[in-house]
Amino acid sequence: MDYALNDKMVAILEIIDKSPGPIGSWALSERLKEKGIYTSSATVGRLLNSLECAGYLEKVTNTGRSITDAGRKKLSSFYFSDHMNNQKQVLESVVMKQDLANFISVLQARRAIERETARLAAKNITDIELNRLQSILDNVAHHSENLEYIAQGDVEFHTGIAYASRNEILASLYSMLFPYGQQTSTFANIRKKFDYSTTHQDILNALKAHDSVRAENVMVQHIESMIEGLNTYWDHFSTDQKDSELGDTPTLINTLSTPHID
């Protein structure tokens, strides 16, 4: 069974992993105190039993416990997950800053990711996915005055392409990055002032033709036009207006589910 580790379990695995040999519960309790973790011997015993049942530790007769290969693997997995969570927090702290430089940085990062998702999607996309993307664009066209609907359709369209790339890492990176800023008044006004429906259809037409080069090029042009639109928008408004419009934290929408079609 794969157990979720708490902080005390991680500390125990770390201590036993670094020990030159098996370690008993009393010595383990002392090492935990050195780490600033004070817990009863009964609690230590329960944690050791849980880790042993999970296959992360094994008993060595009359000497204590040693870590197993599964335990080392679990520690490595924990370190990786902890690192990724920390990096996600760093990303959030950066992109949630609502100034021109950060909005552009997000779009530049999207350009790097989406040129590849578009190229791969042109090779791997299915007819069902193509029909879904066309339905998204058609629905948006029928609600062209509804900025919230346009924003949602934009997310669904780009998310559908990311999934169609069949590259889980790129799709995951895209899903983490794409929502930031999408629901602010900044992007709502950009969509209102600059009609991107034509370029969306151009991207889809390249996907329908399974033309990887054209799909990549049109996607790059699309995002670069968004950067241009953002710069133009910023110049159109005074600082007071921008501060007023950008005062609220942007609402993030879920891009991790399958794109929705009405």
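The values are calculated or read from the model by the stated rules, or taken from the named source; none is laboratory data. What you see is a predicted model, and the numbers here were worked out from it, not measured in a lab. All Cβ positions, glycine included, derive from the backbone under ideal geometry; neighbour counts span all protein chains shown. Just so you know, the surface numbers come from the protein's heavy atoms only, side chains and all, with ligands and any DNA or RNA stripped out. Shrake-Rupley method; radii C 1.70, N 1.55, O 1.52, S 1.80 Å.
Points worth noting:
- Whether the range 1-119 is rounded, prolate or oblate, judged on the alpha carbon gyration tensor where a/c under 1.5 counts as rounded: prolate
- For residue 84, the solvent-accessible surface computed with a 1.4 Å probe is close to 80 Å², ligands and nucleic acids excluded.
- Rel. contact order, % - alpha carbon contacts under 8 angstrom, at least six apart, the range 23-133: 15
- Residue pairs, from the table 18/74; 73/123; 33/88; 18/59; 74/123, whose Cα atoms sit over 25 Å apart: 73/123; 33/88; 74/123
- Take the Cα of residue 104, step 7 Å toward its Cβ, do the same at residue 40, and the gap between the two points is 6.1 nm.
- Nearest-10 value in Å² for the accessible area of residue 3, using the 1.4 Å probe: 70
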